[in-house]
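The structure appears below as C-alpha cells.
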Amino acid sequence: MAQNRRYKQHKICFLNPVFKHMHGKDKQILAAYLPEKAVDIVSDWIKNKKIHLKIARNRKTKFGDYRPPIHHTNHRISVNYNLNPYAFLITFVHEYAHLLVFEQHKKRVLPHGREWKNTYKTLMREVLDVGIFPEDLAQVLEKSIRNSKASNVSDLDLSRVLHQYDAGETQQLRVEDLPDDTVFETQTGKQFQKGEKQRIRYKCRSLDNGQLYLFHPLTPVTLVEI
Ligand SMILES: [Zn+2]
C-alpha cells in the first residue's frame, strides 16, 4: 500500500516536485526524465542493483549523489529533478559509477580516483555506443572520457553544451517570472503569495503566518498548483 501511495505522489511531483522514492519497475517515470533510448539501460541498472532512485529537489551544490547500503539495505542514488534529460543521464552514470566502485573497493579508494574514472569511462562508452546523445554533446563526452574529470559541473565545455538542451520548462523559475498573486514555494518548502514590487524586491505574503516578506527577484521558486 505504501508503495502505491508513493508512486502516485511521484506523478504529482513532476509538477510540484518533492522528495520521492522510486523502484526499478517504474519505467514510465524514468521516461519522463531520461532520453528515450536510455530508459532500458538505466532501468536494467536500477533493477540489477536494486537501487532506490530518488528524484530530488534542485540542490545548488550538486546534481546528484550516491549513498552505499550502510545504514539502509539498498544502494541509493539521487538526481535533481530539473536537469534536462541528457544532464540527468550523465549525472546518473556518474553516480552509478560510484556504486560499482563501492561494490568492488568499498571505501578503500578515492571517490574520483583511477577506479572511478575507469568505471565511468566504461559506462559512458556503453551509453555513447547506443547513440543516445546528439552529435555536439557526444563529441564533448568523448573528449571528457579521454580526460575524465570528476564532475560534469566542473567541466565547462560539457555544461555549456548541456545548457543548450535545457527546455524552457526545466529552467529554474524565479520570483520575478511569476504573475502577481501567484502562490509559490521556496527551496525551504515554505509557501508565499507574490505581491507588489517595492523598489527592487517583491513583497510576498507567507501562507503560514500571513506576514509580509521581501524577496529578491532572482530567488528560485517552484510554482504551486492550487
Ligand atoms: Zn562523484
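Summing Lys and Arg as +1 and Asp and Glu as -1 over all other residues whose Cβ lies under 13 Å from the Cβ of Phe133 gives a net charge of -3. The Asp177 and Gln139 beta-carbon pair, evaluated with R₀ = 41 Å, returns a calculated FRET efficiency of approximately 0.80.
Which FRET efficiency value, to the nearest 0.05, do you get for Arg201 and Lys60 by plugging their Cβ-Cβ distance into 1/(1 + (r/R0)^6) with R0 = 22 Å?
Details: r = 20 Å, r/R0 = 0.92.
For R0 = 22 Å, the calculated efficiency reads 0.60.
Laboratory data are not the source of any read-out in this text; all were calculated from the coordinates shown. This one's a predicted model, so the numbers in the text were calculated from it and none came from an experiment. Neighbour counts are summed over all protein chains in view; Cβ atoms, including those assigned to glycine, are modelled from backbone coordinates with ideal geometry.
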